[in-house]
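Any read-out appearing in this document is the output of simple, stated calculations on the displayed coordinates, not a laboratory observation. Because the structure is predicted, anything quoted here is derived from the model rather than measured. Ideal geometry is used to build each Cβ from the backbone, glycine not excepted, and the neighbour counts take in all protein chains shown.
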Amino acid sequence: MKVILKKTIDSLGIIGSEVTVADGYARNYLLPQDKAMPATPQNRKVLEQEKAKFKLQIAKEKEHAEEMAKRLEGVSCTISAKVIDEEKLYGSVKVNDIYTALTKQDIEIPKRMLMLAEPIKTLGTFKVPVRVYKGVEAEISVEIVPE
């Protein structure tokens, strides 16, 4: 089913874009919560009329995201973990561990923004990308030390 997004949804796209989603997802989630509207010719005309409003909202969201990315750029956190050998961790450091360390420093970001490709399994300092908005990313520094 083709829908036009009324709100920016990270996994789908930005406000005003036309996307194809599963029928059940549109019918049970997007449409009832007023996050999208069916992509009909009438709704496309409404979209054209409201395009300026959407562009303004996208600009505000992107400006806010860039400001947040600047604040996150210098952030670093230290996580202590159990060590088996000299460098190997007993277990691994995952997104949830990084999120917990950031909240202890009073840095509130949604967990889904942390883009850790795979769990960290060694000691050291790592750069973890944070996707704040589509096309706007920051990097935080995560240092893993022995417990």
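Data overview
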{"quantity": "Options 14, 69, 43, ranked by Cα towards positive dipole end of segment 1-104, top entry (Cβ charges)", "calculated": "43"}
{"quantity": "Charge context of residue 127, other residues only, Cβ under 15 angstrom, K/R +1, D/E -1", "calculated": "-4"}
{"quantity": "Gaussian network model of the chain, springs between alpha carbon atoms under 10 Å - residue of 18, 61, 108 with greatest fluctuation", "calculated": "108"}
{"quantity": "Environment charge of residue 47, counting only residues whose C-beta is closer than 13 Å and scoring Lys/Arg +1, Asp/Glu -1", "calculated": "+4"}
{"quantity": "Gain upon complete extension [residue 92, residue 71; 0.36 nm per residue less C-alpha separation]", "calculated": "4.8 nm"}
{"quantity": "³J(HN,Hα) computed for each position of segment 82-97 - Karplus, 6.51 cos²θ - 1.76 cosθ + 1.60, integer Hz, glycine/proline x", "calculated": "6, 10, 8, 9, 5, 10, 7, 8, 7, x, 7, 9, 10, 4, 4, 5"}
{"quantity": "Cα Rg, Dmax (largest Cα-Cα span) when computed across the chain, Å", "calculated": "20.0, 65"}
{"quantity": "Rounded to 5, the percent of DSSP beta bridges in the chain classed as antiparallel", "calculated": "75"}
{"quantity": "Net charge of neighbours whose Cβ lies under 15 Å from the Cβ of residue 99, counting Lys and Arg as +1 and Asp and Glu as -1", "calculated": "+2"}
{"quantity": "Extended-chain gain in nm, criterion 0.36 nm per residue less alpha-carbon gap, residue 80 and residue 46", "calculated": "6.9 nm"}
{"quantity": "Whole-number percent relative contact order across the chain, with pairs defined as alpha carbons under 8 Å at least 6 apart", "calculated": "21"}
{"quantity": "Rough spin-label spacing in nm, given labels placed 7 Å along Cα→Cβ, for residue 103 and residue 10", "calculated": "1.5"}
{"quantity": "Among 133, 90, 99: highest mean-square fluctuation, GNM of the chain, C-alpha pairs under 10 Å", "calculated": "90"}
